[in-house]
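The values are calculated or read from the model by the stated rules, or taken from the named source; none is laboratory data. All values derive from a computational prediction rather than experimental measurement. For neighbour counting, all protein chains shown are included, and Cβ atoms are generated from backbone atoms with ideal geometry for every residue, glycine included. Remember, those area values only see protein heavy atoms, side chains included, never the ligands or the DNA or RNA. Shrake-Rupley method; radii C 1.70, N 1.55, O 1.52, S 1.80 Å.
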Amino acid sequence: MRLYTIIVTYNSLKWIDRVIKSLEKSSTHTDIIVIDNGSKDGTLRLIEKKHPKIQLFKSEENLGFSKANNLGIEIAIKNNADFVFLLNHDAWVQDDTLYKLTKAAINHPEFGIFSPFHLNG
């Protein structure tokens, strides 16, 4: 099973490390793709320094949230993704979130989209 997580960033320095660390601690492996919309606050430096395995795509212009996610999805599909998880830069996942989502998707192929409960941290 190949799972990709797409994170769109724009000046996300104060959140990005937490979201990436939560994915790295996940009980289910995910490849991470970050599409950056022209951050100027150090987001890119932090990702490059602390998370060098992440596929980082830097845009000189702000593509907007939808277009950036579509770019990430396109990349994931070209890399034979079985599942794609879209995650906001200011959110994070619990250790079993990806496991539960992929298990539900496998058990219920009649549904095309799954989303976890969003808790107020």
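Computed values, structure above
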{"quantity": "Gained length - residue 48 relative to residue 17, 0.36 nm times residue gap less alpha-carbon distance", "calculated": "10.0 nm"}
{"quantity": "Accessible-area composition of the chain, carbon plus sulfur, in percent [1.4 Å probe]", "calculated": "53"}
{"quantity": "Among 88, 98, 63 - extreme Cα towards positive end, dipole of segment 60-99, charges at beta-carbon", "calculated": "63"}
{"quantity": "Folded to 0 to 90 degrees: helix 13-24 orientation relative to the chain principal axis, Cα", "calculated": "30"}
{"quantity": "Kirkwood-based shape ratio for segment 1-94, expressed as Rg/Rh from alpha carbons", "calculated": "0.93"}
{"quantity": "Nearest-ten-degree value, helix 97-107 long axis tilted from longest Cα axis of the chain", "calculated": "40"}
{"quantity": "Contour excess over end-to-end distance, with Cα ends at residue 82 and residue 95 and 0.36 nm allotted per residue", "calculated": "2.7 nm"}
{"quantity": "Listed residue pairs exceeding 18 Å between alpha carbons, taken from 50/100; 78/100; 40/78; 14/67; 14/40; 14/49", "calculated": "50/100; 78/100; 40/78; 14/67"}
{"quantity": "Residue-count net charge about residue 76 - beta-carbon cut-off 11 Å; Lys, Arg +1, Asp, Glu -1", "calculated": "-1"}
{"quantity": "Gain in span if fully extended, residue 115 to residue 60, counting 0.36 nm per residue against the direct Cα distance", "calculated": "16.8 nm"}
{"quantity": "The chain - charge dipole about Cα centre, Lys and Arg +1 at Cβ, Asp and Glu -1, debye rounded to 20", "calculated": "280"}
{"quantity": "Solvent-accessible area per residue for the chain (1.4 angstrom probe, square angstrom)", "calculated": "64"}
{"quantity": "Heavy atoms of residue 84 accessible to a 1.4 Å probe, total area in Å² rounded to 10", "calculated": "60"}
{"quantity": "Of 34, 116, 72, farthest towards positive along the dipole that unit charges on Lys, Arg, Asp, Glu beta carbons give the chain", "calculated": "34"}
